[in-house]
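To start, the structure itself, in structure tokens.
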Amino acid sequence: MRPDLYWLPLPGYKLAIMPRPRAGDWLADEIRAWQQQGINTVVSLLEASEVHELELGEEERLCADLGIRFLSLPIPDRGIPAHRPAVRALAYTLAAQLQAGASVAIHCRAGIGRSSLIAACVLAVLGIGDEFALISQARGVAVPDTEQQAAWLVGFRRTEA
């Protein structure tokens, strides 16, 4: 099995966005494939209702079993984060991991809106501009999903300047 990882074209950093993993009988295989791809940290942006609906309740445990750090920051589908400080803390944590040589993958449901927004925040913390252009290039579709998400990044950048 080959996971749907979209690696951002960042010399020196290993950051990917991806859609949610395949569920059910495929979940363990998908997470094993992440491990084989060298992923050290996975961030899920799914809300609890999506985790239940998509049958991903075992994702955190399976990641832990394979030595993959699992982080969760639920954000509504096609929405924006409710708490800027939580995103800031996550972005700085992920930036530090990337700077230390870790491989990080961020997922939401489709790997377009929420995952792109959080990846863009990490890029902003790293001082890398043109965040959404880089992510769109890697993903092969225009990101983010909504104008509200694009505006949220502008506000985030302002607080980091």
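The values are calculated or read from the model by the stated rules, or taken from the named source; none is laboratory data. Given the structure is predicted, the values throughout are model-derived calculations rather than measurements. Note that each Cβ is placed from the backbone with ideal geometry, even for glycine, and that neighbours are counted across all protein chains shown.
Here are some notes:
- Selection count where residues are acidic (D, E) and touching an Asp or Glu at 6+ places or on another chain (Cβ under 8 Å), scope segment 58-88: 1
- Identity of the residue in segment 39-62, farther than 16 Å from A110 by Cα and in contact with a Lys or Arg (Cβ under 7 Å, 6 or more places away or on another chain), that ends up surrounded by the fewest Cβ atoms within 10 Å (Cβ to Cβ): N40
- Scope segment 81-109; condition surrounded by fewer than 19 Cβ atoms within 10 Å (Cβ to Cβ) and either of a type in the set (A, V, I, L, M, F, W, C) or closer than 13 Å to W7 by Cα (or both); matching residues: A82, A86, A89, A96, A100, A102
- Top-ranked residue of segment 7-58 - restricted to ones that are among the hydrophobic types (A, V, I, L, M, F, W, C) and part of a strand (DSSP E or B), ranked as farthest from A82 (Cα to Cα): W7
- Of the set (1) among the small types (G, A, S); (2) surrounded by 14 or more Cβ atoms within 10 Å (Cβ to Cβ); (3) over 16 Å from the mean Cα position of the chain (by Cα), all apply to A16 but (3).
- Residue among E47, E55, E59 that alone is among the charged types (D, E, K, R) and touching a Ser or Thr at 6+ places or on another chain (Cβ under 9 Å): E59
- Residue within segment 120-140 that is surrounded by fewer than 24 Cβ atoms within 10 Å (Cβ to Cβ), at pLDDT 95 or above, polar (S, T, N, Q) and over 13 Å from the mean Cα position of the chain (by Cα) present: yes
- Residues that are touching a Pro at 6+ places or on another chain (Cβ under 7 Å), closer than 25 Å to R22 by Cβ and of a type in the set (A, V, I, L, M), drawn from segment 109-161: A110, L117, A138
- For the residues R78, R114, the requirement of being surrounded by fewer than 18 Cβ atoms within 10 Å (Cβ to Cβ) and either out of contact with any strand residue (DSSP E or B) (no Cβ under 7 Å at 6 or more places or on another chain) or among the basic types (K, R) (or both) singles out R78.
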